[in-house]
Amino acid sequence: MSGYATSEPDAVAGTPGGLLDLLKVAAVVLDASGHIALWSPEIEQLLGWTAEEALRQRADTLLVAPADRARGRELFAQVSAGGRWAGVFPLRHRDGTARAVEFRTMRLLDPEGQPHLLGLAADATTVRKVERDLALSHSLVNQTPLGIAVFDNDLRWVGVNPALEQINGVPEEALLGRRVGEVLPGLDVEAIEARMRHVLRTGRPLLDQQTVGRTAGDAEDRAYSESYHRIEDIDGRVLGLAMAVLDVTERQQAAAEVAQARQHLAVIADAGVRIGTTLDLRQTARELADVVVPQLADLAAVDVLESVVAHGTIVPVTGGAPAEFRALAVAAGYPTDAIHAADPVGEVATYGSSRVITRCVRSARPVLVEHVDSRMLRRLARDARAAQALHEAGAHSYLALPLLARGKVLGTLSLYRTVNERPFDARDQLLASELAARAAICIDNARLYGRERGTALTLQRSLLPAPPAEQEGLDIAARYRPALSEVGGDWYDVLRLGPGRIGLVVGDVMGKGVQAAAIMGQLSTATRALARLDLPPAELLRHLDDIAGSLGDAIATCVYAVCDLGRGVCELSSAGHLPPVLAGADGGARLVEVPGGVPLGVGGVEFGTVEVELAPGALLALYTDGLVETRGEPIDTGLDTLTRLLSKAAPNLQRTGDHLLGALRPEPDDDVALLLVRRHV
């Protein structure tokens, strides 16, 4: 865009733009001898050296690698003599790495006539990226056949591309700083500016808006398709809006049909991405409601049978029996009081057999009411007040779809049209049925998952031991936190082996759900039985490995430790498990590397043993990978963080356990088992 207009009364005092912030232009000044005289905060961010570290240092010694110093001194002499230089020069970062920096340099003279060198610098990679982005933007805007305009927040023209100049029949210079109606009164100015204000206010784009009228270059009305998008800077500040214009006069009817088909496909594609992102029943219902408005309906409500929500079971509606629903989601495509006509989300409502929503779930078939009158509204709404609200909102067409999954009806999707003047038709019903079917499968999956997760969690908690009591000579704290999604097979246990001897175990069964919890229970029980024999840790794991091998495809990691308080040592063996952490009373903490060992159930590999001192005040932490493993990050990052936190552990182990979970896994995507023991001082 070549033009620019602003409504600011004082452009100098206006809000600054973000380009200079993006480039982070830095400044540095060298005195006549090449020492650093001024050092800006931006150059500190770019190269890492603080002002205290940089000032009064020779620039070539501090910032330039030995191989580049001769060239650097040559350029310094050139600029000191009155020349200028611009280009990219490698500078040394404080961390020792080289950074490509783009420079603009010039000579300055102080009051005594002594030369100084001013360097304006920016990260070369950032500069190149901005240049590419600007070039690409300019090329696209000026070469596209699509008319593009930019408006400020007062709806005044800021610029147009050549294609829109041709459509308007008005050069850009005649548009800048003026509103649409001042230049093109033959268009539907009121509608156009209403769309602009809506996009500026809500931030939601308006696509394929139809306008019929004439521009300065037309002798008769033509049809245009317009799309509006709000423009924001990187900080979210609204700068204005962009409008894309396409002349669709010659193919208006064909384009309308294609656009409708494309819109339906887009809605279906959107539904595939947006519906079922979680296995949460209510979230899935909200996603369905958000997908259908405003593309398909102005108002939407998702109601699920109460038996599905409360018990995870499906009780069919038959005969003349009423139906009991739980409202899970309501959505409107625009601000309206009619949204309150739907049953409040979370509440239970009972509808008799004659109501349309009941007929829909009983017959498992869609119900289409193309034209809704006052009498029909009373059969649709929950009461007379709700019917009146829908009437005042202009509800004129209704469509109810059963949420049908695996041959069973879970609830309904109810759709209304109020501001959209076109009534629902067979094509709308087909699209809505497709969306309802997709959502119903997701809702049913959430229902089944909820039942299984509840079963697995109940089983998991029932198999875990009671919170361990303080043992002779040891403080103990244990934590188990299930994943937000699927429950796994993590466990811990504290076993009394004899006077002054305590067994500690933490394990993790691979897999999720009831099966993992069941295998965990068997391995936990076997560990308790084997521990009664007071076997050495490696021998106990060998027997446990044999047992895991007999459980089918069961694979688990495990670490087993025996604390001998009389000797002041702890003997550990690991079956492919993450290393424990040992923190001394002096505040140091380290990972305990246990030699050898593969997961239980693999077989054929001996388990190693390591013995560490458990001095008074020492803290030993056993844990599962859910505590330290983060998707997309090396596991060493989590291990380093855990070790650092334990080096500063509080005297109270219970608080330490809570602090570790809060810092590392406030919302875990995998189960977490944590066992902390500290020897009394």
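Values quoted throughout were computed directly from the atomic coordinates according to the rules given, and no laboratory measurement underlies them. Small disclaimer: the values here were computed from a predicted structure and weren't measured. Cβ placement follows ideal geometry from the backbone for every residue including glycine, while neighbour counts extend to all protein chains displayed.
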5 angstrom amide H check on His577, placed H, neighbours 5+ away: Cys558
GluC sites (Glu not before Pro) restricted to the stretch 306-376 and DSSP loop, no more than 10 other C-beta within 10 Å: Glu347
Distance between the stretch 380-421 and the stretch 212-232 - C-alpha centres, whole angstrom: 35
Of all DSSP beta bridges in the stretch 488-606, antiparallel share, percent nearest 5: 95
Note, ³J(HN,Hα) from phi for the stretch 52-67, Karplus 6.51, -1.76, 1.60, rounded to Hz, x at Gly and Pro: 4, 6, 8, 4, 6, 8, 5, 5, 5, 6, 7, 10, 10, 5, x, 5
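Please say if the stretch 263-452 is rounded, prolate or oblate, where rounded means a/c under 1.5 for a ≥ b ≥ c the square roots of the C-alpha gyration tensor eigenvalues, and otherwise the choice is prolate for a/b larger than b/c and oblate otherwise? Don't skip to the end; give the middle numbers.
On the way: a/c = 1.58, a/b = 1.18, b/c = 1.34.
Here the stretch 263-452 falls in the oblate category.
Classify the stretch 144-250 from the C-alpha gyration tensor, please: rounded if a/c falls under 1.5, else prolate or oblate depending on whether a/b exceeds b/c.
prolate
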Pair Gln388, Ala615: separation of 7 Å Cα→Cβ label points (nm): 8.1
Whole-percent pair-distance distribution, where bins are 5 Å wide, for the alpha carbons of the stretch 464-679: 1, 8, 16, 21, 22, 17, 11, 4, 0, 0
Positive-end extreme of charge dipole, the chain - chosen from Leu200, Ile234, Ala538 (charges on Cβ): Ala538
Under the span-like rule (Cα at least 24 Å along the axis, Kyte-Doolittle mean at least 0.5), DSSP H helices of the chain: 513-531
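Fewest first, what order do Ile443, Ile268 take by the number of other Cβ atoms within 10 Å?
Working: Ile443 27, Ile268 14.
Result, fewest neighbours first: Ile268, Ile443.
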Value of relative contact order over the stretch 144-250, rounded to a whole percent, pairs C-alpha under 8 Å and six or more apart: 28
For the stretch 609-670 and the stretch 149-177, distance of Cα centres in Å: 61
Calculated P(r) of the stretch 266-366 - Cα pairs past 24 Å, %: 26
Length-normalised contact order of the chain in % [C-alpha pairs under 8 Å, at least 6 apart]: 7
Alpha-carbon centroids, the stretch 320-362 and the stretch 73-125: separation in whole Å: 71
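Classify the chain as rounded, prolate or oblate from the Cα gyration tensor: take a ≥ b ≥ c as the square roots of its eigenvalues, call it rounded if a/c is under 1.5, otherwise prolate when a/b beats b/c and oblate if not.
Cα axes put the chain in the oblate bin.
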